[in-house]
Structures are given as C-alpha cells and as structure tokens.
1. Run the simple label-point estimate for V388 and R54 please: 7 Å along Cα→C-beta, distance reported in nm.
2. Could you please state, rounded to a whole Å, how far the C-alpha centre of region 93-108 is from the C-alpha centre of region 23-75?
3. Report the label-to-label distance for R333 and W353 in nanometres (one decimal), using points 7 Å from each Cα along the Cα→Cβ vector.
4. Show me the ranking of peptides 226-237, 369-380, 340-351 by mean Cβ neighbours inside 10 Å, starting with the highest.
5. Fully extended, how many nm does the chain gain between L142 and L192 (0.36 nm per residue separation, minus their Cα-Cα distance)?
6. Mind pulling the angle between the C-alpha long axis of helix 316-351 and the longest principal axis of the chain? Nearest 10 degrees, somewhere in 0 to 90.
7. Would you please give the FRET efficiency between D380 and I22, computed as 1/(1 + (r/R0)^6) with r the Cβ-Cβ distance and R0 = 41 Å, to the nearest 0.05?
8. 5 Å is the cut-off here: which amide hydrogens, built 1.01 Å from N in the peptide plane, fall below it relative to A102, excluding neighbours closer than 5 in sequence?
Amino acid sequence: MKTLQLELRLALHSRLAAGALILLLLLTALAVWSGLHAISNQRDALARIAAVQRDDVAAVAEKYRDGGEAGYAAYSTPHLTVNPPAPLAFAAIGQRDVQPYALRVRLLGLHSQLYESESINPELAAAGRFDFAFVLVYLAPLFVIALMHDLVAGEREAGRLRLVDSLPVPGARLWRRRIALRYGLVLAALLLPFAFGAAGADAGLGATVLVALGAALYLAFWFGVAAAVAALVRTSAAGAAVLLAVFVVLTLVLPTFVNGAIGRAVPVSKGAELALAQRQEVHNGWDLPKGETMTKFFRTNPAWRDTAPVTGRFHWKWYYAMHQAGDDAVAGRAGDYRAALTAREDWTRRSGWLLPSVAVQVLLHRLADTDLESQLAYQDRIAAFHTVLRRFYYPYIFNDRPFGPAEFAQLPAYAAGAGGGGVAVTALGALGILAFAGLAAGAFRLRRVRAL
C-alpha cells in the first residue's frame, strides 16, 4: 500500500499528469451532461408532440359527433408512433441525432411516410455529438498518450533508468504497477461522471456494468499499445509522435478507409427514392381504370375481393387500394434497401474485430439502443402498426359502415418496443481480444527494457 501511495504521489507530482486527469474528468462530466440534456430535450419534444396529437384527434372526433365516412376519418386522423430514448441513450446518442424518433402515420401508403427521413449507415469513426462515447473513443486515447509516452524514456532522460534496474523489485513488475495506477486513474476519470449520469437516468445495472466493462477493455488496449511503444522508443518526444501516429491510423484513417470500402462493396439506394417511387405509383393510379387498381389490390388482399365493386368517380375503398397497391409495387425494392443497410451494418461490426474504436462504438450504441438496428426495429413497429390500422379501418371502408364517436373511441394505439443485446456480447468479445493483444504486446516489450 505504501508503494502505491508513493507511485501515486510520483504520478500526480507531474503537472502534465495531474492536469490531464482533471481535464479528462471535466470533459467527461460535460459530455455526460450534454447527453442527458439532449435526451431530456427529446423527451420534452415527445411530450409536446403527444399533446398536439391529442388535440388533433379531438378536433377530428368533434367533426364526427354525428357520424360520417370512415375513409375521410382515416385520411384526417394522424396516429402517433414514438421511439422513446432508452435510459443509456445519453451516453451514445447515435442515430437519434439524425433519425426521427416520432412519426405520425395515416392510412396512406406506408413507404411514402416511412422513408421521408431515411436511415443511413453511420461513418465508422466520424466525429458525432459530444457525448460519453465521443470522449471515450476519441479523447481518452489522447490522455493515455499524455500519461504514457514518457513511461520509460522519462526515466532514461532523467538518468534514473539504471537506478530503476538496480531496484530489488523486478523492473517489469515496477512498470506494470505504474501502468496499472495510471490506468485506474484514467478509468476513474471516465467512469465516475458516467456512473452519476447512469444513476440519474435510471439506467439498469446490467447495461451500466457492460458499458463500464467496454470502456475498461478499450482503455486496456490503448494502455497496452502505449506500454509497447514506450518500451521501444529512446526519447519521450519519439514516444509521443509514434503514439499519435498510431492513434490517427486506428481511429481515423483505417475506419474511414473501411467505411469507404464497405460503401463501395455494398451500394445502398436512397430511402427517399422509395418514397418517391411509391408516390409515383399512386399518382399513376389516378389515370388507370379503377378495376385494374382493385385487381392489383386484391392480389395481396383477397379477403376484400367479394365486396361491392367501385362505381362513380371516387370511392374511399379505391383510394386506399391505390395506396396499398403503390406499397406492394415497391415492396421488393424496400426489402433490398433494408437488406443492403443490414449488410453494411454487419460488415461494420465485423471490422470491430480489428478496429477497437469501431468495436466500442458498436457496443455503446447497441446498449444505448441508438444504432441502426434500433432504427430499423422502430420502422418495423411502424409497419406492424400500419397493418393494425388497415385491419381496423378496412371493414368500415369496404363495407360502407358508419363511423362515429364510438368508433373513434376504439382507435388503435401504438405501443413502443425494446431492442436486443446479442450484438453487445459480440462487441465485448472483440474488445476483449483486442485488449488482450495490446496488453500482451506491452508486457512483452517491457521485459526487454534493459536491452535498450
């Protein structure tokens, strides 16, 4: 214990080390606060949207006090779907910063509503919002470099390396103790603010521990790499230069290169193109014979084949059949679009076995439920809810049944869902292997310090 106290005093005696730790603590606290504030704003926005939704539905219901056409009610009534933030969303905001977390849908074509704001594959290491994930991935390694670049060279430059070699304690054990102390200080500077943020957000203990474990493994990798470099170079300036080069390559250059390679290997069309294609199909339907439109509709909805035929210039059943036929026409393209997005995301996750910055981002965004998987799951829930709306409204529309206050009281309500965690386990495994490799390299080189 006394030896650790002396090592701690020696580490904090350096103004660079003490200042770096304090700065990292403050930056992490600021990032956690920024994430909590952003998620709080999203929750407030959802509350305001829900209030507007209630007012809009009440206004439509007021017009139907004496009943009316179900088709017009379906056209006029918006139905709110929401994707509320998970407790840990403050730590890694991810797709929630660029994708809608609330969408009001009607009984019109699903794809034209669903892809107005499309999902994109996030760049593997592009700088995003200033949150805990940003500090961990991009800033924490820089502080590791600041604390570790002169681990051995600093002793050599001060003329103490021979004295260190002559101590009764084996040199490798001394280096390990110093590295462990610095590792613990950096990890504490990161996890203390995060723990307070997780407690304030009512995050579950299991997910919080997994985030902490991922951060610990990511830091272990960087401390291992820094130890290996510190044992190789002869000057502290050279150590800093080499480590900064490694940092740039591993967190910026290689992830950007891999992202570009994935983009070329798995091309993805624009989601807006699907929305445009669906709308074009609907617009073309106005010029087609109504019987042709109904035939297209009955191919995927045979249950309504025996209803009364459409007569006259306009009928709601024909209008909604036209929208559904537009959806059916682009269903294959929509499936290809989602398959390409999923394939890109899968390759992104695979690259995490080689790139620790990618692996830790995959882990944090999955635990925070802010990744592409979460966004696509939200779209799936919207599609399922749209099917529920069709099953609710169609009997009234296709059978010309009256629609009044009693029917408004039975309008379907959307229910939010939750994500899975299999990806998080895989990302943790990748981080564990990379951390072990980094630490093994550092331990191997430190044993050979005396030969330098």
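No value in this document is a laboratory result; all are computed from the given coordinates. The shown structure was predicted, so the numbers you read here are calculated from the model rather than taken from an experiment. Because the Cβ atoms are built from the backbone with ideal geometry, glycine has one as well, and the counts that use them run over all protein chains shown.
1. Label at V388, label at R54, 1.9 nm between them.
2. First find each Cα centre; the distance between them is then 11 Å.
3. Modelled inter-label distance: 3.6 nm.
4. The most tightly packed comes first, giving 369-380, 226-237, 340-351.
5. 16.1 nm
6. That works out to roughly 10 degrees.
7. 0.35
8. Under 5 Å from the amide H of A102 lie the amide H atoms of N83, each far enough along the sequence or on another chain.
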